[in-house]
1. Where in the chain is the longest stretch that carries no trypsin sites (Lys or Arg not before Pro) classed as loop by DSSP and with at most 14 other Cβ atoms within 10 Å?
2. Treating the beta-carbon of each Lys and Arg as +1 and of each Asp and Glu as -1, no other charges, what is the dipole magnitude of the stretch 250-397 about its Cα centre, to the nearest 20 debye?
3. Using the 10 angstrom Cβ neighbour count as an exposure proxy, how do Ser495, Ser930 rank, fewest first?
4. Nearest 500 deg cm²/dmol is fine: what mean residue ellipticity at 222 nm does the chain get from its DSSP H runs of n ≥ 4 alone, each adding -39,500 (n - 2.57), divided by its residue count?
5. Output the relative contact order of the stretch 250-397, whole-number percent, from Cα pairs under 8 angstrom with separation of 6+ residues.
6. Where does each of Glu692, Glu638 land when they are ranked from fewest to most other beta-carbon atoms within 10 angstrom?
7. Fewest to most neighbouring Cβ within 10 Å: what's the order for Met648, Met885, Met516?
8. How big is the Cα convex hull of the chain in projection, averaged over all directions, in nm²?
Amino acid sequence: MERNAVYRLVRLATLALFTSLSSQGLAYEAQSRWTTTATDGTVGSTGAVGVPVTVTWSFAPDGTAIPAETFGTVPSNLINFLDAGWGIGPGGGDYASRPWFPIFQQSFDRISALSGVTYVYEPSDTGSSFSNAANRRGILGVRGDVRLGGKSYGAGSTTLASNYYPDYGEMMINTDQSAFFLNSANGSRRFRNTIMHESLHGLGLAHVEASVAGFLLEPILSASFDGPQLDDVLGLQRLYGDFYEKSGGNDVVAKATPLGLVSALQPRLIGTQGGSTFIGAGQTDFVSIDDVSDNDFFSLTLQETLDVTLKLSPQGTSYQVGPQGGTQTTFDSRTLSDLSLALFAPDGSAVLDFANAAGLGAEESIVRRLDAGTYYARVAGAQSNVQLYQFAVTASALPPRSLLWAGSMSSEWDVLLTANFTADGAPATFRAADDVRFDDASSVRAVTLTADVAPDSIVVDSAGEYRFVGAGGMIAGTLLVTGGGTFELANAGNSYGGDTLVAAGVLKITGDANAMVTPITVASGATLVMNAADAGDMASLIGVEAGAVMQVGELGTQSQVLPDSPTGITIDGLMRILDAETILHVSGSGAMVVEREEAQFRDNPLFGGEVVVQSGAVAQLATADGLGSVQGRTVVEEGGSAAIVADMTLAEPFSLSGDGNGAGAIRVDENLTVDFQGDLSLDGPLVLLAIEGGATVHVLGAVEDALVDSRLTLDVAAGAELTLDGDISVGQQMQKTGAGAAIVAGTAAFSGDVDVNAGELSLLGSGALMGSLRVAAGAALTVQGVQWLTETTRLTGSGEVRGDLAVPGILAPGDGLGVLAFTDNLALTSASRLQIEVSRLGTEVVADRVDVTGAVSLSGALELAFADDFSPALGESFSIVSASMITGAFTDLLLPQLPTDFAWHIAYSSNNVTLSVGAPVQFDPADFNSDGSVDGGDLAIWTSAYGVSGAAPLLGDGDGNETVDGADFLIWQRDAGATPTAAGIVVPEPASRLLTLSAAVIIVRSRRRRWLAAPRGSALEFS
């Protein structure tokens, strides 16, 4: 028994550095090889080289007799050693589940990947003693060809492991070296390098020494690399061939290694590694000729005629190396065998070309034009040695031709198969880099791409329609669409990178556009229709020039036809949006028009053009720059809507028309905070702003009625608040709906009506109301600051008015019959007109009323009307004003005429004004408060009004000269204590404006109301 290859423990200080030298010498040491294995049986003699082999390996159970260091045997203890160091895992007899098993598997797999050796784990081992006897060889299911055991090498031994040469490849590991082997750095590189080193001995390789470069088979361990290095690979492939020698090898044409399809865009290379002595842990691309008897065949396939270059290059470098204990010399691994290259025809036998002129260590090459087909290349060596090499196949396209589509044989556009084109009038097949043209000369307009095509250019020059379909795509070239017709890309895989120009007509993209990267330009007068089945990953830049159109989607088709994240879309012309789409990364100064469905806009900061939302469409704004910069406005046409769906501050100006089909020309989603810094122009007869619940919205720009006749509705939902901070003008009507709050904080000009239908409207700025002002039941109006109401304002409704208010115009409480409440103070001026309706509800008399929480100052006219054919009965009364304090009195009374035996009585108290129907009584001019008696109350009225000019009798003017003076006091003094006499006494004709009554009857109809003035001399009484 011969033991070899003792691998010794080293200190870190002895680790080698690597470099490359040049010259010639002796390298790897190949001693012997496997000739018989359990899997292959006999695999050649000891002198045979380049023959692949399958070697099984197994673990000898602990207790197996293995050779001792001196003489005799010792029991193996490898399994116990490994379990103690790495753990037992699930235990049991299956060592493959042990935590340490991958260290061995990875080591044997690495050698298998670099050579013609295939290591296979054998889980069985009967424990028979280590022996090189024929009856102890590996047997499938019994034991491996290589068996692993462990033992102590004695105290102080630096030996790591030892191994036998073939055909007896047992490995023994020094189990005293636990500290060394348990080092887990770099994936337990020390242990793996030890296993691989010993395995190379077990394959027949001996030690070498290199003074500069580092190799695995050096007798001193290095952990600065991982696994076999260049010299080690040379020895492996010399004995067992390269990886491609397995499974029958590639020594004949029939077993040629396929390189695959070769094209101008797809070269093929093999054997790209091996140019350095250092080999990385993941490198496996090493091919070689192992002997003069070895041939390597490769197949390569062309789909078209190409100019092909085959290049064969020796791989390697030079370095200093020699046998253990011997002399090191310069060794050049590029000059081990003179390589030759042969090219065979598709039949595999005819030699088309041969190259062997360059000499040892030099490249050989063949350059030849080849038609479509599968060809074979053979690599051989002239010396009995191993030679690593690289084999490369490259191709270039033939000069392009100008082809015209004919479709004379079929509708298929393929590569070098069907002559559906013409070149100079003759039938021609297409090949890569040709220029192709489609025009009106052919009647075949639906063109099927059966495979990918790579033209240099495509021109579609047709006034009709062309359509590309099929599984193939355009993978190279440019595209020009002209002629005024329509060209549709309905196929997939159009990955060509050249420019696309739509010069005239229409380009429709309806197929799968994910692969598209071509820059697309749409010229003036032309149209691009994007209606792709899927364009999520499309990376094309799209430019739409002034006068050009980009249409997004088509009627009745799918949504989301644009890229998920466009590289960039420049719109200087028009973008028409016809489907539910996300619009982003758009720039330019043109226009975008949302014609239908709902489009979301976001991330368009460089767009400076106009956005138009047409009837039935919605523009959903997801970012503040979604509609572009402030240079372009957004036009929401009647029936369109702009929906704000995120918190933002908008500088965009808006032109608004319509109510968005009830959704709002502008709609702000719930719980958002939104500021409009741009102006809102009211350009339609009806405009609705809809603010959903919980939102807070500020309009900092102006709200301007461009038509001077618009109606604006502020629909603010419960919990929401809308503040108009800028100036506002509304021509016909402004209506507040919804339970939330709207605030007018700027300067306002309301030429028409204001209707607070629900919620709260606050007028906090300055302005004037020229039309009617209605506060509906349950609604509230807050007034603050400068006087808002004018003499033309008519305040009505059954809601609540907050804040001190002067009403110089008409005050008509109630919607029909009702109460208008004032939470603070109310003042009526001399121009005021309090309009009260009275009617009967069952047997009860009901009338409009003003209810003031604070004080009320009365003046002006009281106008009473009967509603619903009301006719009062004697003794009936009703309150028209209530307050915490009432001062003043009405200066004019316009009351309906009563029968001659009835008279109106008006009573003023400190907190109520009441009208009643009673018997006629004589009028006493000193009864200033009309309570039926002349007393201290009348004196108080005279005292408070003393010196007033233009006063009425009810303010203390007893003599009717419109001045409250001492003469009026004398009248009060004369009549003090008087009480009017019973009915029938003629009422004197008053001299003041208060009782200047017209003999004519003035009728104003509203809900069958009758506004009547009492005739002179009638039984009109103030009690």
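Computed from the coordinates by the stated procedures, all read-outs in this text should not be read as laboratory data. Owing to the predicted nature of the structure, the values given are computational and were not obtained by experimental measurement. Cβ coordinates were reconstructed from backbone atoms using ideal geometry, including for glycine residues, and neighbour counts include every protein chain displayed.
1. Segment 12-1004 is the longest.
2. With only Lys, Arg, Asp and Glu charged at Cβ, the dipole is about 200 debye.
3. Going from sparsest to densest Cβ surroundings: Ser495, Ser930.
4. -2000 deg cm²/dmol
5. 38
6. Values: Glu692 23, Glu638 18.
Ranking Glu692, Glu638 by Cβ neighbours within 10 Å, fewest first, gives Glu638, Glu692.
7. Values: Met648 19, Met885 12, Met516 26.
Neighbour counts put them in this order, fewest first: Met885, Met648, Met516.
8. Here the figure is 68.6 nm², rounded to one decimal.
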